[in-house]
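Asks: Provided herewith is a single structure, encoded as structure tokens, for subsequent inquiry.
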Amino acid sequence: MTSLSDPSFTLHGVGVSSGIAIGHAHLISHALLEVVHYQLPAHLIDDEIKRFSDAIATVKSDLELINDSLRKNAPAELGAFIGTHLMMLNDKSLSESPKSIIKNELCNAEWAIKLQMDEIVEQFEQIEDTYLRERKQDVIQVVERVIKVLLGHPSLSSEQQTSALQQERKLILVAHDISPADAIQFKQHEFAAFITDVGGVTSHTAILARSLNIPSIVALQKARDLIHDGELIIVDGKQGVVIVNPDKSILTEYKLRQNQWELEQQKLQRIKSTKAVTLDGTNIDLFANIEVPEDVVSAKAAGATGIGLYRTEFLFMNRREMPDEEEQFIAYKKVAEAMNGAPVVIRTLDLGADKQMNPDTVIECANPALGLRAIRYCLAEPQIFHTQLRALLRASNFGSIKILIPMLSTLAELRQTKLSLERAKASLRKQNIKFDENIALGGMIEIPAAAINAEAFASELDFLSIGTNDLIQYTLAIDRTDDAVAHLYNPLHPSVLKLIAMTIKAGEKLGKSVSVCGEMAGEAKLTKLLIGMGLRQLSMHPSHILSVKQQILHSQMSKLNKGAKKVLALTDIEKIEPAVAKFYSASNLRLKPRH
Ligand code: PEP
Ligand code: MG
């Protein structure tokens with residue numbers, strides 16, 4: 001734990017979600033990665049065994065203390081979870097066997113417990129029962145705790161841990177990296193902020209962090225090494241700045257800024273039920289992107305008038321078996337019903353690249369972003385695709401569902417997809433199961449090849465949705481998850497803007513709707529440009545809807561069209577950026593809502 005007299009320092013990264021958080025660091029441990037092997041002389045073995053026993057005793061008493069105080073008002077699952085860890089720690093295989101390893105192999109305690117853990121984990125992996133097999137994660141977590149103590153990592157005292165667990169709203173997660181599969185689990189918690197050493201602005205981890213609606217910063221390089229558990233930190237998500245152990249004056253200043261930010265957010269609530277219409281009467285659809293059915297609540301609370309992108313792959317994560325048709329049907333139906341007839345665009349499975357089911361079932365390819373991902377994977381696994389299409393079709397009977405295909409690059413893929421859809425429809429007809437016979441089929445335009453050939457895609461699809469996250473990645477050859485090239489990732493690159501413009505034009509020509517569902521859609525600074533370019537539908541994380549709507553309420557179409565035309569004529573980012581900034585007017589929160 002730190003006091004205000006601990007040395008203060010600042011770290012700079014890339015802010016991915018705005019807001020200010022002040023709280024205590026909670027390190028997501030990777031202690032296991034730090035374990036090294038070394039030999040000890042025979043006369044030091046008894047001391048090493050004692051060091052091991054002491055570490056076990058420390059972790060045990062920490063867990064017992066947490067367990068005792070939790071009983072008062074913590075959720076039951078949390079108690080059960082700590083109980084399981086205690087039970088494992090009390091088991092001889094973890095508390096005694098490593099001592100024999102230290103003795104026989106004359107090795108250090110960290111190495112001994114890691115060897116023992118590997119053996120136990122291997123045994124767990126042989127278990128048929130999925131639930132029991134998953135318990136290997138608990139073994140790993142307990143061993144992590146012991147290793148942390150052995151390595152002398154400063155950690156919260158038991159009391160601090162207890163109160164921290166109960167007040168997770170004040171915890172700031174500090175990690176080297178987090179996979180999207182890990183990040184999706186944070187949705188069940190209420191942390192104050194989220195910071196990582198690596199990651200790009202539009203990596204799926206960043207997208208999830210943004211959807212948690214808490215300040216987040218990626219690409220901090222050494223945050224996890226430099227910050228200790230329990231240290232007081234300030235996270236300024238807008239500026240991408242982390243201040244560790246702030247002094248009193250800085251703390252006061254940031255508390256003021258935090259209040260101001262919260263006030264601004266509250267003011268934005270005033271336009272929640274206002275229609276998104278420009279000053280000269282052009283209607284814009286503001287839809288929400290969701291990852292799990294429960295996100296519909298925040299989508300509706302933010303005034304979304306539809307779901308523009310439901311990323312179904314998150315239903316497939318953190319598990320070994322694929323969800324069956326019934327489980328998928330229930331999830332899709334839940335969203336369709338909750339939206340009460342409003343459009344719900346559900347994207348078929350976009351697994352691959354940085355989105356994997358779990359670390360053990362990674363789709364292996366030399367260059368994952370260019371490999372078997374999304375529709376390519378689905379077409380290669382027809383049974384998985386068939387199950388999802390049947391579930392989607394069945395759910396279409398309960399709302400206004402549209403199907404969206406990710407990563408299309410050729411018309412052949414689209415035609416094969418249509419055949420798969422027809423097969424799924426035929427199988428349902430055979431069983432007399434109802435579905436929407438005219439369900440709309442749309443395609444993501446997120447590969448330059450698709451944007452260049454957008455007219456051909458538009459002629460065979462009902463609607464197009466531009467995935468700017470991948471479109472930028474593939475156009476500029478910049479890995480969206482790699483912080484080393486994050487500075488080159490620019491949505492305002494003239495080639496990106498041209499591809500977007502080509503797609504909009506193709507939609508207009510063929511009378512097909514075109515939306516943007518990549519992160520660009522939620523950037524209030526770009527709203528006027530996108531509307532000026534002709535877009536009438538934007539889909540974004542619910543937390544961005546109000547700030548984007550505020551821009552629309554201030555917009556005059558005639559001016560935007562002219563401005564967008566000028567921007568599109570430019571070929572140099574250095575000229576494009578100031579031109580776009582001109583569009584973006586400072587927020588006028590005193591604006592009276594129009595109904
Ligand atoms: C995109 O690429 O812009 C998109 C919306 O899809 P995802 O971020 O899930 O790849
Ligand atoms: Mg994409």
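Every read-out reported here was derived from the displayed coordinates using simple, explicitly stated rules and does not represent laboratory data. This one's a predicted model, so the numbers in the text were calculated from it and none came from an experiment. Note that we place each Cβ from the backbone using ideal geometry, even for glycine, and neighbour counts take in every protein chain shown.
Asks: Can you give me the long-range amide H partners of Met407? Hydrogens built in the peptide plane at 1.01 Å from N, cutoff under 5 Å, separation of 5 or more residues or another chain.
Replies: Correct list: Met444, Glu446.
Asks: Also: What are the extents of the Cα atoms of the chain along their three principal axes, listed from largest to smallest and rounded to whole Å?
Replies: That gives 83, 66, 45 Å along the principal axes, largest extent first.
Asks: With a Förster radius of 30 Å, plug the Cβ-Cβ distance of Gln221 and Ala380 into 1/(1 + (r/R0)^6) and report the FRET value to the nearest 0.05.
Replies: On the way: r = 37 Å, r/R0 = 1.25.
It comes out at approximately 0.20.
Asks: What is the magnitude of the charge dipole of the chain about its Cα centre, with +1 placed on the Cβ of each Lys and Arg, -1 on the Cβ of each Asp and Glu, and no other charges, expressed in debye to the nearest 20? Numbers along the way, then the final one.
Replies: Values: 66 positive and 72 negative charges, 714 e Å.
Computed about the Cα centre, the dipole is about 3420 debye.
Asks: Oh, and also: Using alpha carbons only, how many angstrom separate the centre of region 370-403 from the centre of region 275-294?
Replies: 25
Asks: Taking amide H positions as placed 1.01 Å from N in the peptide plane, with prolines and chain starts having none, which residues 5 or more places from Leu173, or on another chain, fall under 5 Å of its amide H?
Replies: Answer set, sorted by chain and number: His26, Ala192, Ala193, Phe194, Ile195.
Asks: Just for the chain, what percent of DSSP beta bridges are antiparallel, to the closest 5? Mind dumping the intermediate values first?
Replies: Values: 19 of 57 bridges.
Antiparallel bridges make up about 35 percent of those DSSP assigns within the chain.
Asks: Measure nothing but the geometry: give the 0 to 90° angle between the long axis through the Cα atoms of 557-569 and the longest principal axis through the Cα atoms of the chain, rounded to 10°.
Replies: The angle comes out near 70 degrees.
Asks: Now for a separate question. State, to one decimal in nm², a quarter of the convex hull surface area for the C-alpha atoms of region 270-587, i.e. the direction-averaged projected area.
Replies: Working: hull surface 63.9 nm².
Hull-based average projected area comes out at 16.0 nm².
Asks: Now a separate question. Residue-wise, which Karplus ³J(HN,Hα) couplings in Hz belong to region 226-232, taking 6.51 cos²θ - 1.76 cosθ + 1.60, θ = phi - 60°, and x for glycine or proline?
Replies: 8, 9, 9, 3, x, 5, 7
Asks: Here's another thing I want to ask about it. Once amide H atoms are placed 1.01 Å from N in the peptide plane, what residues at a sequence separation of 5 or more from Arg347, or on another chain, have their amide H within under 5 Å of its amide H?
Replies: Tyr310, Thr312, Leu404
Asks: Taking the Cα centre of the chain as the origin and placing charges on Cβ (Lys, Arg +1; Asp, Glu -1), which of Phe191, Ile290, Val218 is farthest toward the positive end of the dipole?
Replies: Final value for the positive-end residue is Ile290.
Asks: Sort Met88, Met520 so that the residue with the fewest other Cβ atoms within 10 Å of its own Cβ comes first and the one with the most comes last.
Replies: Numbers: Met88 19, Met520 26.
Ranking Met88, Met520 by Cβ neighbours within 10 Å, fewest first, gives Met88, Met520.
Asks: Nearest 20 debye, what's the magnitude of the dipole of region 481-547 about its Cα centre given +1 on Lys and Arg Cβ and -1 on Asp and Glu Cβ? If you can, show how the numbers build up before the last one.
Replies: Values: 7 positive and 5 negative charges, 95 e Å.
Computed about the Cα centre, the dipole is about 460 debye.
Asks: Lys/Arg Cβ at +1, Asp/Glu Cβ at -1, dipole of the chain taken about the Cα centre: which of His204, Thr348, Thr278 is farthest positive-ward?
Replies: Thr278
Asks: Something else now. Please order Leu349, Leu232 by the number of other Cβ within 10 Å, starting at the fewest. Provide the component values of the computation, followed by the final result.
Replies: Numbers: Leu349 24, Leu232 21.
Fewest to most other Cβ atoms nearby, the residues stand as Leu232, Leu349.
Asks: For the pairs Lys272/Lys505; Lys99/Lys148; Lys498/Lys559, note any where the Cα-Cα span goes beyond 23 Å. Spell out each step's value before the answer.
Replies: Values: Lys272/Lys505 31 Å; Lys99/Lys148 18 Å; Lys498/Lys559 20 Å.
Where the Cα-Cα span goes over 23 Å, the pairs concerned are Lys272/Lys505.
Asks: Another one. In whole Hz and in residue order, list the ³J(HN,Hα) couplings for region 507-516 that follow from phi through the Karplus curve 6.51 cos²θ - 1.76 cosθ + 1.60, θ = phi - 60°; x for Gly and Pro.
Replies: These are the phi-based 3J(HN,Hα) values: x, 4, 4, 9, x, 10, 6, 10, 10, 10 Hz.
Asks: Using θ = phi - 60° and the Karplus relation 6.51 cos²θ - 1.76 cosθ + 1.60, list the HN-Hα couplings for region 339-356 in order, rounded to whole Hz, with x at every Gly or Pro.
Replies: 8, 6, x, 6, x, 10, 8, 10, 8, 5, 3, 10, 7, x, 6, 7, 9, 10
Asks: Under a point-charge model restricted to the Cβ atoms of Lys and Arg (+1) and Asp and Glu (-1), what is the dipole moment magnitude of region 270-587 relative to its Cα centre, in debye to the nearest 20?
Replies: On the way: 38 positive and 35 negative charges, 264 e Å.
Result for region 270-587 is approximately 1260 debye, rounded to the nearest 20.
Asks: Can I ask one more? Can you sort Thr205, Thr410, Thr481 from fewest to most other Cβ atoms within 10 Å of each residue's own Cβ?
Replies: In order of increasing Cβ crowding within 10 Å: Thr410, Thr481, Thr205.
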